[in-house]
Every structure is written in structure tokens, then in C-alpha cells.
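Please read the structure below before turning to the comments.
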Amino acid sequence: MADIALITGGGNGIGRAVALKFATEGIAVVVADWEADAAEKTCAEIRINGADAEAVRVDVRRAGEVKDAVARVLDRRGTIDILANIAGGSFYRKRLEELSWAEWKEVLDINLKGTFLFCRETAPAMIRQKRGRIINTASNYGVTGSALRTPYSAAKAGVIGFSKSLALELASDGVLVNVVAPGPTDTPRVMEGWDPEARQKRAAEIPLGRNGTPEDIAEAFYFLSSPASAQITGQTLHVNGGWVMP
Amino acid sequence: MTPMRLKGKSAVVTGGAQGIGRAIVLGLAREATNIAVADLQRDKAEEVAAEARNFGVTAIAVQTDVASEESVANLARQALGRFERVDILVNDAGIFPQARVTEITEEIWDRVLDVNLGGNFLCCRAFVPSMRAQKSGRIISIASGIAHTGAVAGAHYAASKAGIVGFIKALAREVGPDGVTANAVCPNIIDTELPRSHRTPAELHERLVRNPLGYAMQPEDLVGTVLFLASDAASYITGQAVNVNCGTVMI
Ligand SMILES: NC(=O)c1ccc[n+]([C@@H]2O[C@H](COP(=O)([O-])OP(=O)(O)OC[C@H]3O[C@@H](n4cnc5c(N)ncnc54)[C@H](O)[C@@H]3O)[C@@H](O)[C@H]2O)c1
Ligand SMILES: NC(=O)c1ccc[n+]([C@@H]2O[C@H](COP(=O)([O-])OP(=O)(O)OC[C@H]3O[C@@H](n4cnc5c(N)ncnc54)[C@H](O)[C@@H]3O)[C@@H](O)[C@H]2O)c1
């Protein structure tokens, strides 16, 4: 039986690349995203190659929606072996004093609360089968900080702390919990917002001389879902071309 | 799993005669990588090279003291002479003679730093020029969780292993523009001669399983991470210290 992976944020960017990578490795994927069309598009790409994929519409911030989405997947598929929490983003570049409470909540909820909710709903199935991999998404900014991204840095640092505690909690159940921290990654959404000159400048600051691709990041997610990493838990794998070396 | 695409590449593994290094040699051989096994212990290195050849690869043993400039220069001549290019350098050779700070003699201090950290410097210095010239290369150094936590009777060892992590980060910045990556792997305790030499079997077992996963790590358990870091899949990862330790240390 193929492993079953649930990937939040799988409609675009890094999540989409992770879904495609997992599918080529023979993993059945459930693509969860609030952009239903994007999730469906990722699944269609996967099905062209004969692999197994289904889309689920969900807003990761809403406890009820997350609970229902996971329950429906468990109903149909029996279990979830791999959970990749990728839905997220920084959304605002604003000084602290200009941030509204609603904006703060939005960034914290999508990046951190969404990760908590999906872990909470999925962990019981993994505990039951004494096997599972959870891979959450941080960012180098969760470690270094970044001016104008206070809520995002707080949320991503929170993801790292949360994941360490969960790793300790689930270790005796055979469930491993790790974090991938991407560096600057050329996803379509990021590319839209960048002027080419700034991108060049950034690339020049990176030891490997280029921004990351969604595929670079997807390889790290696959590694942390595979038998090759069976003794790794509670760790953060930074994939950033050497831009940040914590 | 799709193969790691390491077929036909060449690697040098220091400390490859036993323990973790031997497991890495055999893991690479299984992926069809040619290997030079570099170790102080000539006969054991020969035996491991012979085991590697069973996988159909070219494997040579080169008796090497990684703390000696002449010896490492000889290693580079032999390996580059035989394979023409070295794609992967694994710095595994290491020693851990336990001693409290007040009991560490200058000889012990120098030897631990020279082998564990100096060996990294000499081997990287020997193989980086050819990696730069070919615009690709992977350097993987076995450090230790003790780099982060320290250990009683291990101040010299902790200094050398933390030194490796710092060295690898600086090196990653220097060689990155040439397409070469440098990373460290930090295990906690693994069942080899190294911890066996200063523990009773019962003590060792208790220490091995004292981690969140309750699992006693074997040398083979580092192979997956080393192969990943050596492969194209990790081409955007550099300057990192990857902890493979059953959750003992989380940073
Ligand atoms: N791209 C980068 O440079 C970069 C760097 C570091 C970290 N990251 C992190 O990687 C992850 C993916 O980023 P990306 O660049 O691929 O972003 P993206 O915007 O391209 O994709 C994010 C996906 O998440 C979905 N999503 C957002 N909010 C959601 C919600 N409330 N419910 C359900 N789905 C939701 C979006 O619809 C989208 O499909 C994020 O966690 C991001 O913070 C990205
Ligand atoms: N076993 C553990 O618990 C553990 C934990 C963390 C890190 N490590 C590290 O992993 C590496 C391998 O350790 P191991 O447990 O396999 O130890 P080991 O003692 O079984 O093997 C070490 C090998 O290195 C060789 N060596 C020693 N000095 C050398 C020199 N000057 N030149 C060339 N070769 C030399 C030895 O001959 C031996 O074959 C070491 O760097 C060690 O510090 C081990």
C-alpha cells in the first residue's frame, strides 16, 4: 500500500512542488488548500502521470474545517502517514506600529495555528499505527528575524518551538516531527513581488549564488518523509544556499 | 525510492576502516560510487575496500594520517590519480580519548585538535582545488552533538567538533560560488568502538537508548543523511549542521 500524504498549501509554490515530488516517489497525495482551483490543478498535473491525488478545500485557520477535512480523508483513505504543513506566508511588510490586530492574527493563524490544528487532528491516526512523519514549514526569518516581518518571524519561530515539543511528545509513538526552513525561494507568488534587480542583489548575497527553487525545497521534504531520515526528529533543516547558517 | 544518482561518482572517506566511516563507504558503494578508504589502519582499510568492491565499484585503501600534511598530500595524489576527479569528501576520522580538563595533557590536546579539526582542514585543502575546477563537489564532515552540548571529560573533543561546525560554515561561503557545498552531520552516540572503549556493555546500552526515540543508533543509521547530502537532492543545502540523533539535541 502506498503511503498517504496530506499537504497543506499544495495548490501553489513550494506545496505544489512537494505534492509533485511525493507523487513521483509513489506516495498518494491529498492536496489541501483554500484555493480550491489551485489544489485541483496540482492534482490534475499529478493524475496525468497516472498517480493518485485528490484535492480538499480548507482554510487552515478554522478548527472546524480542519477537523472535517482530516476526518473525510481518514474516512476514505484509512490513515495519513505523512503530514506536510506548508500553507503560509508573510503577507505584510509593515512596521510594528502600523500593524492591526487583525493582520497580526492572520499571519499567526495561517502559519502557526494552522500547523497546530492539522497536527492535532492528524496525530491520532499516526499514533494508532505507531508510524508517521510530520514536516512543518518555518523560514530563515524565524531564526534571524526580519525588519517589517514581525508577525511572520514570530509565527515561524513558533513553528520551530512547537515542532520540538511535539517531537518529544510523539517520539515514543514512532512519529517523527521536523521542520524545513526554506530561504529565498522563487515561487510564482514571490517572483511577482520582486523587481529583477533586487532579486539579483539577493542572489549575490547567497553563497551558492542563486535563489532556491520550489524543487530544491521539495527534496528536503521528501528526505524528511523517507526511511533515510528515520533517526531525525525535532530538527530544522535549512535549505537556503548558505544564506543563513544558524 | 528513486536512486540517489551517485553512480559513477568518486568519493574519499577518511576514517573508513571501521565504525561510521565503514558504513558510509559501503553505503556509497551500494550506490555505485568509487571510493578511496583513507585510514590510519592499513589492513582494516584494505578489508573495507575489498567489501566495497563486492558492489562492483573501484575501491582503494590509502593508509593516511589525516593530521599529517605529507600523508594527506599522498592521499590526494592516490585518489585523484586513480579516479581523476573526487566528487565527495567525507571527513569521518576522529578520536575521543576521554579526559577532564585538568588532566588533558598538551599532547592529548594537540592530537585531538589535530586529528578531528586539523584533519578536516588538511583534507578539504587537498580536495577543494579539484572540486572548484570541476565546479561541483560535496564535503560532508562528521561532527558531533557534543559540539552543541559539551560533555564531561570531553572539552578537547567538544572544542574540535564545534570547530568543525564553524570551519564548515566558513568553507561553505568560500566554495559556494564554485558549486561546492559543505555540511556537517552531528550524531549523538552511536554503537561503535569509540564509545565502547570507555564504557561497560551495560553502561553503553543504557546510554545508547537514552533518547526520545529510545533507539540505539548503529553506524548504518547515518548513511541515509550522508547520501542525501552527497546527492543532487541537496544541491541547495550548504553550511548546515544536520542533527541525526533520535531527538536528543534540538537546535
Ligand atoms: N517562497 C519563499 O521564499 C519562502 C521562504 C521561506 C518560507 N516560505 C514558506 O513556505 C511555505 C510556502 O510558501 P510559498 O512561497 O510556496 O507560498 P505560496 O503563496 O506560493 O503558496 C502558499 C499556499 O498556501 C495556501 N494558503 C495560504 N493560506 C491558506 C489558508 N489559510 N488555508 C489554506 N491554504 C492556504 C495558498 O493558497 C497557496 O496555495 C509558507 O509557509 C512560507 O511561509 C516560503
Ligand atoms: N560513535 C559515536 O558515538 C560518535 C558520536 C558522534 C560523533 N562521532 C564521530 O564519528 C566519527 C567516526 O567515529 P566512530 O564511532 O566510527 O569511531 P571509530 O573509532 O570506530 O572509527 C574511527 C576511525 O578513524 C580512524 N582514525 C583515527 N585517527 C585517524 C587519523 N589520524 N587518520 C586517519 N584515520 C584515523 C580510526 O583508525 C578508525 O578507523 C568520528 O569523527 C567521531 O568523533 C562518533
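The values are calculated or read from the model by the stated rules, or taken from the named source; none is laboratory data. Since the model is a prediction, treat every value here as computed from it, not as a measurement. A quick note on method: Cβ atoms are made from the backbone with ideal geometry, for glycine too, and the neighbour counts reach across all protein chains shown. Areas reflect the complete protein model, heavy atoms only, side chains present, ligands, DNA and RNA absent. Shrake-Rupley method; radii C 1.70, N 1.55, O 1.52, S 1.80 Å.
Residue check: is residue A:137 of a type in the set (S, T, N, Q), open to solvent by less than 30 Å² (accessible area, probe 1.4 Å) and over 15 Å from the mean Cα position of the chain (by Cα)? Show your work before the answer.
On the way: of a type in the set (S, T, N, Q): yes; open to solvent by less than 30 Å² (accessible area, probe 1.4 Å): yes; over 15 Å from the mean Cα position of the chain (by Cα): no.
In short, no.
State which residue is farthest from residue B:195 (Cα to Cα) when the search covers only segment B:24-41 and only residues that are open to solvent by 10 Å² or more (accessible area, probe 1.4 Å) and not polar (S, T, N, Q). Spell out the reasoning first.
Applying the first criterion (open to solvent by 10 Å² or more (accessible area, probe 1.4 Å)) to segment B:24-41 yields B:26, B:30-32, B:34, B:39-41.
If we keep only those that are not polar (S, T, N, Q) too, we end up with B:26, B:30-32, B:39-40.
Working: B:26: 21, B:30: 27, B:31: 29, B:32: 31, B:39: 19, B:40: 19 Å.
For segment B:24-41, the residue satisfying everything is B:32.
Mind listing whichever residues of segment B:124-152 are outside any helix (DSSP H, G or I) and either at pLDDT below 95 or open to solvent by 20 Å² or more (accessible area, probe 1.4 Å) (or both)?
Filtering segment B:124-152 for residues outside any helix (DSSP H, G or I) gives B:135-145, B:150-152.
Scanning segment B:124-152 gives B:135, B:136, B:138, B:150, B:151, B:152.
The conditions are (1) within 9 Å of chain B (Cβ to nearest Cβ); (2) buried (at least 23 other Cβ atoms within 10 Å of the Cβ), and residue A:221 fails exactly one of them. Which is it?
It fails just one condition, (1).
With (1) touching a helix residue (DSSP H, G or I) at 6+ places or on another chain (Cβ under 8 Å); (2) at negative phi; (3) surrounded by fewer than 22 Cβ atoms within 10 Å (Cβ to Cβ); (4) touching a residue at least 24 places away in the same chain (Cβ under 8 Å) as the list, and residue A:227 as the residue in question, which single condition is left unmet?
In the conditions (1) touching a helix residue (DSSP H, G or I) at 6+ places or on another chain (Cβ under 8 Å); (2) at negative phi; (3) surrounded by fewer than 22 Cβ atoms within 10 Å (Cβ to Cβ); (4) touching a residue at least 24 places away in the same chain (Cβ under 8 Å), residue A:227 misses (4) alone.
Within segment B:165-202, how many residues are within 13 Å of ligand 2 (Cβ to nearest atom) and away from chain A (no Cβ under 12 Å)?
9
Looking at segment B:17-39, I want the residues that are assigned to a loop (DSSP other than H, G, I, E, B) and have a partner that is more than 16 Å from ligand 1 (Cβ to nearest atom) and open to solvent by 30 Å² or more (accessible area, probe 1.4 Å) with Cβ atoms under 6 Å, at least 6 apart or on another chain. Which pairs are those?
Close Cβ pairs (under 6 Å, with a partner that is more than 16 Å from ligand 1 (Cβ to nearest atom) and open to solvent by 30 Å² or more (accessible area, probe 1.4 Å)) amount to B:17/B:41; B:17/B:44; B:18/B:44; B:31/B:4; B:32/B:7; B:33/B:9.
Please go through (1) open to solvent by 10 Å² or more (accessible area, probe 1.4 Å); (2) within 7 Å of chain B (Cβ to nearest Cβ) for residue A:193 and return the number of the only condition it doesn't satisfy.
For residue A:193, the failing item is (2).
Taking helices (runs of 4 or more DSSP H) that do not extend beyond segment A:166-229, which have at least 1 residues that are farther than 14 Å from residue B:234 by Cα, within 10 Å of ligand 1 (Cβ to nearest atom) and under 17 Å from the mean Cα position of the chain (by Cα)? Outline the logic, then answer.
Values: elements: A:188-193, A:196-205, A:214-225.
Answer list for segment A:166-229: A:188-193.
Is there a residue being open to solvent by 40 Å² or more (accessible area, probe 1.4 Å), hydroxyl-bearing (Ser, Thr, Tyr) and away from every other protein chain (no Cβ under 12 Å) anywhere in segment B:206-217?
No, segment B:206-217 has no match at all.
In segment B:218-234, how many are open to solvent by 10 Å² or more (accessible area, probe 1.4 Å) and either facing chain A (nearest Cβ under 7 Å) or not polar (S, T, N, Q) (or both)?
In the first step, residues of segment B:218-234 are kept if they are open to solvent by 10 Å² or more (accessible area, probe 1.4 Å); the result is B:218-221, B:223-224, B:227, B:232-233.
Right, trim to either facing chain A (nearest Cβ under 7 Å) or not polar (S, T, N, Q) (or both) and you get B:219-221, B:223-224, B:227, B:232-233.
Within segment B:218-234, residues that are open to solvent by 10 Å² or more (accessible area, probe 1.4 Å) and either facing chain A (nearest Cβ under 7 Å) or not polar (S, T, N, Q) (or both) number 8.
Working carefully through the options A:171, A:157, A:203, find the one that is of a type outside the set (Ser, Thr, Tyr), in contact with a Lys or Arg (Cβ under 9 Å, 6 or more places away or on another chain) and within 14 Å of chain B (Cβ to nearest Cβ). Steps first, please.
Numbers: A:171 fails: in contact with a Lys or Arg (Cβ under 9 Å, 6 or more places away or on another chain); A:157 fails: in contact with a Lys or Arg (Cβ under 9 Å, 6 or more places away or on another chain).
After applying the criteria, what remains is A:203.
Here's a check for you: in segment A:230-246, which residue that is within 7 Å of chain B (Cβ to nearest Cβ), under 19 Å from the mean Cα position of the chain (by Cα) and assigned to a loop (DSSP other than H, G, I, E, B) is farthest from residue A:131 (Cα to Cα)?
For segment A:230-246, the residue satisfying everything is A:241.
Hey, among B:136, B:130, which residue is among the hydroxyl-bearing types (Ser, Thr, Tyr), within 14 Å of chain A (Cβ to nearest Cβ) and more than 17 Å from the chain's Cα centre (by Cα)?
B:136
Does segment A:110-130 contain at least one residue that is on the phi > 0 side of the Ramachandran plot and open to solvent by 10 Å² or more (accessible area, probe 1.4 Å)?
Yes; the residues of segment A:110-130 include at least one that is on the phi > 0 side of the Ramachandran plot and open to solvent by 10 Å² or more (accessible area, probe 1.4 Å).
Exactly one condition in (1) open to solvent by 70 Å² or more (accessible area, probe 1.4 Å); (2) under 22 Å from residue A:27 (Cα atoms); (3) within 20 Å of the chain's Cα centre (by Cα) is not met by residue A:76; state its number.
Single failed check for residue A:76: (3).
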